[in-house]
Amino acid sequence: MSTGNMNLTLKVWRQKNNKTKGALVDYKLADISPDMSFLEMFDVLNEQLINKGEEPVVFDHDCREGICGMCSMFINGRPHGPKDLVTTCQLHMRSFKDGDTIVVEPWRAAAFPVVKDLTVDRSAFDRVIAAGGFISVNTGNAQDANNLPIPKMQADAAFEAAACIGCGACVATCKNASAMLFVSAKISQLALLPQGQPERYRRVQSMVAQMDAEGFGNCTNTGACEAECPKGISLENIARMNRDFASAKFISEETV
């Protein structure tokens, strides 16, 4: 951990688009404050590149508060970098040392094609959600929520599943590029609540079918997804999704 300003070497993946080959390009940065966030450090790099007439590094970001799930960098072999339960935008340069070499790559998955440099197309997640990650029945208005008593353990589990920000770190770290942690979290946050029951089994069949159609791999059971998830989404959600998927085979009135 560094306390003074740092000199760093960055090895950044540069790729024009998903039709061309990419490569790691070296950049030197000097006098980087340990209080900068990782993305602020990239802002400094891009400012230097622009001043030299070179093309800046393209990367995803939005809220920079660990909420939106847009930031997606594979840093020194780990999604979001060396800290647990932290997104790239919330990672600070004090996590590195003066003289470090930092390798930064995009998410690697067939279902996440590179758009440019460190930006990948994660619209596959949107299509999985569109396949069933919603409630279409009338569940009343906002003031009606307290009229539905829900056991605290169930409500807490649904809330924890809903904490998933859809960043894709689970896919990036899985050797099979599986999206089962993401999909199971989106299924669980609805399956655990009364409002999600009418479409529960149709939902799991539709979302799993879309997940497979997008080209995501199957679960490896190694637990890398939970270990690298910045929101700590539990593998219990995958078990719940598998149980619901198996149960759906025996419920004839619920069809995809």
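If the condition is being in a helix (DSSP H, G or I), touching a Gly at 6+ places or on another chain (Cβ under 8 Å) and open to solvent by 20 Å² or more (accessible area, probe 1.4 Å), then region 207-236 contributes Gln210, Glu226. Answer yes if at least one residue in region 133-154 is assigned to a helix (DSSP H, G or I), of a type outside the set (Val, Ile, Thr) and in contact (Cβ under 8 Å) with a residue 40 or more places away in the chain, and no otherwise. The answer is no, given that none of the residues of region 133-154 is assigned to a helix (DSSP H, G or I), of a type outside the set (Val, Ile, Thr) and in contact (Cβ under 8 Å) with a residue 40 or more places away in the chain. Checking the condition in contact with a strand residue (DSSP E or B) (Cβ under 8 Å, 6 or more places away or on another chain) and surrounded by 21 or more Cβ atoms within 10 Å (Cβ to Cβ), which residue from Asp98, Asp117 passes? Just a single option satisfies the conditions, and that option is Asp117.
Given the structure, is Ala162 surrounded by fewer than 24 Cβ atoms within 10 Å (Cβ to Cβ), over 24 Å from Ala248 (Cα atoms) and touching a helix residue (DSSP H, G or I) at 6+ places or on another chain (Cβ under 6 Å)? Considered against the rule, which asks whether it is surrounded by fewer than 24 Cβ atoms within 10 Å (Cβ to Cβ), over 24 Å from Ala248 (Cα atoms) and touching a helix residue (DSSP H, G or I) at 6+ places or on another chain (Cβ under 6 Å), Ala162 comes out as no.
Of all residues assigned to region 25-35, at least one qualifies as being of a type in the set (Val, Ile, Thr), surrounded by 15 or more Cβ atoms within 10 Å (Cβ to Cβ) and touching a residue at least 40 places away in the same chain (Cβ under 8 Å). Taking only region 67-88 into account, find how many residues are more than 23 Å from Ala30 (Cβ to Cβ), open to solvent by 10 Å² or more (accessible area, probe 1.4 Å) and either outside any loop (DSSP other than H, G, I, E, B) or touching a strand residue (DSSP E or B) at 6+ places or on another chain (Cβ under 6 Å) (or both). Qualifying residue count for the region: 2.
Going by the conditions given, is Leu91 under 30 Å from Lys175 (Cβ atoms), touching a helix residue (DSSP H, G or I) at 6+ places or on another chain (Cβ under 6 Å), surrounded by 14 or more Cβ atoms within 10 Å (Cβ to Cβ) and not assigned by TED's automatic domain parsing to the domain that holds Glu228? Yes: the conditions hold for Leu91. Scan region 203-241 for residues that are without any contact (Cβ under 8 Å) to a residue 12 or more places away in the chain and of a type in the set (S, T, N, Q) and the total you get is 1.
The values are calculated or read from the model by the stated rules, or taken from the named source; none is laboratory data. Bear in mind the structure is a predicted one, so any value in this text is a computation, not a measurement. FYI the Cβ positions are ideal-geometry reconstructions off the backbone, even for glycines, and counts take in every protein chain you see. In case anyone asks, the SASA skips ligands and DNA or RNA and just uses the protein heavy atoms, side chains included. Shrake-Rupley method; radii C 1.70, N 1.55, O 1.52, S 1.80 Å.
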